[in-house]
Amino acid sequence: MTLSQKKMYSLFFLLPAGIIYFTFYLLPTVMSLFFSMTRWTLTKWTYIGFENYQMFFEETSLRIGFRNTLIYAVVTCGLKVILALLLATLLTSKIWFKDYFRSMVFFPTLLSTIAVGIAFSTMMHPTQGVINTALAAIGIPGPDWLGNTKLALFSVAFIDVWKGVGIATVIYIAGIMSIPQHYYEALRIDGGSKFRSFWHITLPLSRPAMNSVIILSFIGGLRTFDLIWATTRGGPGFSTDLIASIIYKQYQAGFYGLATAGNVILFIGISVLAFPLYMFLNRREVEL
Amino acid sequence: MNTVVRDSTANTAVRKSSATAITGKVLVTLVLLVLSTVIFWIPFYFVIINSFKSGAAAADMTMAWPTAFHIIDNYAAVLSASEHMLIRAFYNSTLLTVLSLAGLIFVSSLAGFVLQRRERTRGAATLNFFILAGLMIPPAVVPTIWVLNSLNLFKTLAGLTLVEIALHFPFCAILYKAFTASVPRDIDESAFMDGCGGFKLFTHIIFPLLKPVTSTIIIITSVNIFNDFVNPLYFLPGAENATVQLTLYNFMSMYLTNWNLLFADVVLISLPPLVMFLFFNKRIIAGMTAGAVKG
């Protein structure tokens, strides 16, 4: 690097970003490793080793968070990956009102999660809610969507998909639009059906888009907090408690060390699950 | 003679198949219209119509048309509740969004520019790794509070602004970096020759060229920060300086029986993103896609 380049691209330019990013993101992240092994108020701490982690794995009300978070992430991610692909295929085909439908699918992404959570928790009310009233009208007794311990997590996951499928869809749409049109024409000349063009062209060639969707929605699912908090607050019981909501509950109760241990577990969990997934998906991409 | 007959049969065949194609298209469109109405319009309608009803009528949680409209009463009540908490919250959220955006654009455009130009130098890979990590790994909340507290920034708008900048920095820096790659280095060289050194080169020549990303970032990040619930909940607690998302949360317990008011709040809070969407629909979609693919 020449002297003029050193001046033009001065490292001082990285300083404002560096200071803020370091102080308010990197430093707390690194310090969390230490604080997770303490019992502390914001000013004083006592080192207690791995006790917080031990508690996280032993206490049922905390341990349930791992299972719930994993189920939630897999369900929301899986549904988004499949639904968004179908929607994107539909919304790139020759249909009328394409722009309107695209806007419709995308718009919920921009709404506040809390607002969406409030609206759906009223609509999912067991007796008066719009959903169960509609079901009752056609003779189906609707369940208690958010009050049933077996169902609640999936109901929240459904709301998450309603809100988040739009972003996954536009990523797919961008991927599908970049597939050269002559592949489809070649298949049509050979007399291939619409299903074949989806299966043999759209699906394999939108792989990069699919990888982005998988990674984004899986990590998003693992980190979810606000939707849970706006709908069930972890209840009934602990049946919808995710790691992020447990962290908040422990923080509120004043167990800062325990809350921080939860953060570290989430951090390690995401690294252990998401980084290999990312590598795996990208490797597959290269082989194609 | 023979050919003419064949032609006309071919024509009918074409007409027939295009007729079935159109019927198919009409059917698909109808199905989609019904589905999109049920899945998307009903929730919107439900919230809006119930924000117009009286408290008792809204408590029924039905989609029925209101017998009496209380539009002005309800919205006035929400706006003046708890000493105009919502109006103050709108002010706080706007201030938070504007300040965070200004900071973000300043730090991440500079950083994105230098990172792209120094891409092949020593240490660049490490910096990239830290930025990518920021996209994936959630922030450690209590240690962040500890940092804010030691700097006397906990429970202040300034503190929350700095946290928002730090947390949105990776996304913005990656967008800026990707876009800087399309600005030729020759421009830097010639501007430098003309005596436009260092910072001036950036502010006068490069930054104006980055305008498309800047506007994408403004649109997307402003919606995200305005809608942010988690960070204000942790770093700016207390009703006094609540942001709009927190008012919703506070009203949830306060208005447990007044669904009409809660829904009025939901409607008011959803207006700013709606306006953004109406004006910048294409831009938002393009920006979110770019961010996702680059990230």
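The values are calculated or read from the model by the stated rules, or taken from the named source; none is laboratory data. Computed from a predicted structure; not experimentally measured. Cβ sites come from the backbone with ideal geometry, for glycine too, and all protein chains shown count toward neighbours.
Structure values in brief
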read-out: Answer from A:23, A:76, A:69 - the residue that is β-branched (Val, Ile, Thr) and either assigned to a strand (DSSP E or B) or facing chain B (nearest Cβ under 10 Å) (or both); value: A:23
read-out: Residues satisfying the stated conditions in the range B:166-190, i.e. small (Gly, Ala, Ser) and either surrounded by 22 or more Cβ atoms within 10 Å (Cβ to Cβ) or not assigned by TED's automatic domain parsing to the domain that holds residue B:109 (or both); value: B:166, B:173
read-out: Residue match in the range A:161-180 (condition: farther than 27 Å from residue B:273 by Cβ, surrounded by fewer than 19 Cβ atoms within 10 Å (Cβ to Cβ) and not hydroxyl-bearing (Ser, Thr, Tyr)); value: yes
read-out: Helices (runs of 4 or more DSSP H) lying entirely in the range A:88-190 (those with 1 or more residues that are farther than 25 Å from residue B:58 by Cβ, away from chain B (no Cβ under 14 Å) and at pLDDT 90 or above); value: A:152-177
read-out: Residues of the range A:34-52 classified as surrounded by 20 or more Cβ atoms within 10 Å (Cβ to Cβ) and not hydrophobic (A, V, I, L, M, F, W, C), total; value: 2
read-out: Lone qualifier among A:206, A:197 - being away from chain B (no Cβ under 11 Å), crowded, with 22+ Cβ neighbours inside 10 Å, in contact (Cβ under 8 Å) with a residue 12 or more places away in the chain and over 16 Å from residue A:69 (Cα atoms); value: A:206
read-out: First in the range A:265-284 and under 17 Å from residue A:210 (Cβ atoms), second anywhere and of a type in the set (Phe, Trp, Tyr), Cβ under 9 Å, 6 or more apart; value: A:274/A:218; A:277/A:218
read-out: Of all residues making up the range B:44-74, the number that are assigned to a helix (DSSP H, G or I) and either touching a Pro at 6+ places or on another chain (Cβ under 7 Å) or of a type outside the set (A, V, I, L, M) (or both); value: 9
read-out: Top-ranked residue in the range B:40-70 [being aliphatic (A, V, I, L, M) and exposed (fewer than 14 other Cβ atoms within 10 Å of the Cβ); ranked as nearest to the other protein chains (Cβ to nearest Cβ)]; value: B:64
read-out: Positions within the range B:85-112 being surrounded by fewer than 20 Cβ atoms within 10 Å (Cβ to Cβ) and small (Gly, Ala, Ser), in sequence order; value: B:102
read-out: Within the range A:1-10, considering residues that are more than 7 Å from every other protein chain (Cβ to nearest Cβ) and part of a helix (DSSP H, G or I), the one farthest from the chain's Cα centre (by Cα); value: A:3
read-out: Those residues of the range A:234-264 which are away from chain B (no Cβ under 13 Å) and either in contact with a His (Cβ under 6 Å, 6 or more places away or on another chain) or in contact (Cβ under 8 Å) with a residue 24 or more places away in the chain (or both), in sequence order; value: A:235, A:236, A:237, A:238, A:239, A:240, A:241
read-out: From the options A:55, A:31, residue that is within 18 Å of residue B:151 (Cα to Cα), at pLDDT 85 or above and surrounded by fewer than 18 Cβ atoms within 10 Å (Cβ to Cβ); value: A:31
read-out: Criterion violated by residue B:155 - all others in (1) surrounded by 16 or more Cβ atoms within 10 Å (Cβ to Cβ); (2) more than 7 Å from chain A (Cβ to nearest Cβ); (3) touching a residue at least 24 places away in the same chain (Cβ under 8 Å); (4) in a helix (DSSP H, G or I) satisfied; value: (4)
